[in-house]
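Working notes for the structure below.
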Amino acid sequence: MTGEEFADRFLVYSDSFYRVALYILESDADAKDAVQEMYVRLWKARDTLSAVKNPKSYGIVMVRNLCLDKLRSSSYRNTELLRTDMMSEETPYEDISGKERFREVAKAISGLPERERTVLLMKVFDGLTYDEISERTGMSNLTLRVLLSNARRKIRKLKIV
Amino acid sequence: MAKNEYDIAKMPLPELEKMGDDASVIVPADLKEDILSEIAASEILSEKSVETVERHHRRFVLGFCAAAAVTVLFFVMDDMGRPKDTFDDPLTAYVELERTFQYISDKMRPGVEKVDELSRVIEKSGAVLGKVTDNR
C-alpha cells in the first residue's frame, strides 16, 4: 500500500479515531498519543491492510483496544506504585527511553521548516523518488537532496538518532 | 470517574462510530501533521536499526574472513615446515627414511604397551563376569 492509499483509506478517519480515544481516555494528550501510536502500527502493517474492507470500523476497534490497554496498564501501574512506594524507592515504571526517543524524533520532524518537512515526509511516508518529488514540487533534484540532507542532519544533531 | 473498562470493551461498534462522528467534539488542528511526523520518525528509527544490524553483519563477516585467512596461513606455513619428500642425494634420502621409521617405531611402542595392558584388564573382567554368571 502506498502512502497515498494509506492516507485515503485510513488517515482520512483520524478525527473519528481521536474522538473515540478521547471518550475512553478523557484526556486530549492521551487520546492524541493513542491515535498516533495506532497510526504507526497501521503504517508498519500497511502491506496487509489492502484486505481490510471497512477501514473506519477496523480503525475504531483498533483504537478502542489500544485505549483499553492504556487504561489497564495505567490502573496496574497505580497499584504497583502503591505497593512499591511502601517497600522501596525504586520506580516501578518500565524503561521508557525508547518511547522518549521516538517522541523526540517526531517533535524534531514537526519543527522542521516547511520545505524540509514536506520533502522528508514525501520521501519517508510516500516513498517517492527524487524525480517524483521534483515533478510534484517543481524543485530540482539537487535542491531536494540538499533539503533532505539538512532535515536528517538536524534530527541527528539532537543526538537522538 | 474513570470509565469502566468492561463497559467500553462491550460497547457495540455502531455506538463507537456514532461517537467518532460527533462533530461537536473538537479535534486538534495539528493531529494529522503530528501523525505523519510520528510515522516518519518510526521509519527513520527503523532505518537506523537496519544500519546497525548491517554494520554488525559486516564486522562478523570481516572477522570470519580474517580468522579463515590466519588458519589457511597457519596450514601453509606448517606445510612448509615439514621435511621434504624428494631428495637429490640417495644417501640423504636413506638417512631421512631411517629417521622416519625410528620416529614411527618410538611412537608405536607406548601405544602397543597400552593395548597389552587393556587386554589384560579385559581378560580379568571377563573372568570375574564368568564367575558371577556360573554361580547363579
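The values are calculated or read from the model by the stated rules, or taken from the named source; none is laboratory data. This one's a predicted model, so the numbers in the text were calculated from it and none came from an experiment. Heads up, the Cβs are rebuilt from the backbone with ideal geometry, glycines too, and the neighbour counts pull from every protein chain shown.
Among residues of the range B:5-25 that are within 8 Å of chain A (Cβ to nearest Cβ) and closer than 17 Å to A:L66 by Cβ, those with a beta-carbon under 7 Å from a residue that is of a type in the set (V, I, T) and surrounded by 15 or more Cβ atoms within 10 Å (Cβ to Cβ) at least six positions away or on a different chain give the pairs B:I8/A:I24; B:L13/A:I60; B:L16/A:V20; B:L16/A:I60; B:E17/A:I60; B:M19/A:V20; B:G20/A:V20; B:G20/A:I60. Looking at the range B:40-55, can you tell me whether even one residue there is at pLDDT below 65, among the aliphatic types (A, V, I, L, M) and either assigned to a loop (DSSP other than H, G, I, E, B) or surrounded by 15 or more Cβ atoms within 10 Å (Cβ to Cβ) (or both)? No, because not a single residue in the range B:40-55 is at pLDDT below 65, among the aliphatic types (A, V, I, L, M) and either assigned to a loop (DSSP other than H, G, I, E, B) or surrounded by 15 or more Cβ atoms within 10 Å (Cβ to Cβ) (or both). If only residues of the range A:114-138 that are at pLDDT below 90 and outside any helix (DSSP H, G or I) are counted, the one that is farthest from A:A7 (Cα to Cα) is A:T129.
State whether one or more residues within the range A:142-150 are surrounded by fewer than 12 Cβ atoms within 10 Å (Cβ to Cβ), more than 14 Å from chain B (Cβ to nearest Cβ) and under 17 Å from A:G3 (Cα atoms). No - not one qualifying residue is present in the range A:142-150.
Taking each residue of the range A:42-59 that is closer than 20 Å to B:A40 by Cα and looking for partners that are acidic (D, E) and buried (at least 16 other Cβ atoms within 10 Å of the Cβ) with beta-carbon atoms closer than 9 Å, six or more apart or interchain, yields A:W43/B:E38; A:W43/B:E43. Taken together, the criteria place A:K70 among residues that are more than 8 Å from every other protein chain (Cβ to nearest Cβ) and either of a type in the set (D, E, K, R) or closer than 18 Å to B:D30 by Cβ (or both).
When residues of the range A:17-31 are filtered for being within 8 Å of chain B (Cβ to nearest Cβ) and buried (at least 22 other Cβ atoms within 10 Å of the Cβ), how many remain? Walk me through how you get there before you give the answer.
Within the range A:17-31, the subset within 8 Å of chain B (Cβ to nearest Cβ) is A:17-20, A:22-24, A:26, A:28.
Narrowing further to those that are buried (at least 22 other Cβ atoms within 10 Å of the Cβ): A:17-20, A:22, A:24.
Of the residues in that region, 6 qualify.
Please find, within the range A:97-113, the residue that is surrounded by the most Cβ atoms within 10 Å (Cβ to Cβ) out of those that are facing chain B (nearest Cβ under 10 Å) and either among the basic types (K, R) or not in a helix (DSSP H, G or I) (or both). Give the derivation first.
Start the filter on the range A:97-113 by keeping residues that are facing chain B (nearest Cβ under 10 Å), which leaves A:98, A:101-112.
Then drop every residue that is not either among the basic types (K, R) or not in a helix (DSSP H, G or I) (or both), which leaves A:101, A:103, A:107, A:111-112.
Working: A:R101: 15, A:R103: 17, A:K107: 16, A:G111: 13, A:L112: 20.
Applying the filter and picking the extreme gives A:L112.
Checked against the criteria, B:E113 does not count as touching a Pro at 6+ places or on another chain (Cβ under 8 Å) and either at pLDDT 75 or above or exposed (fewer than 10 other Cβ atoms within 10 Å of the Cβ) (or both).
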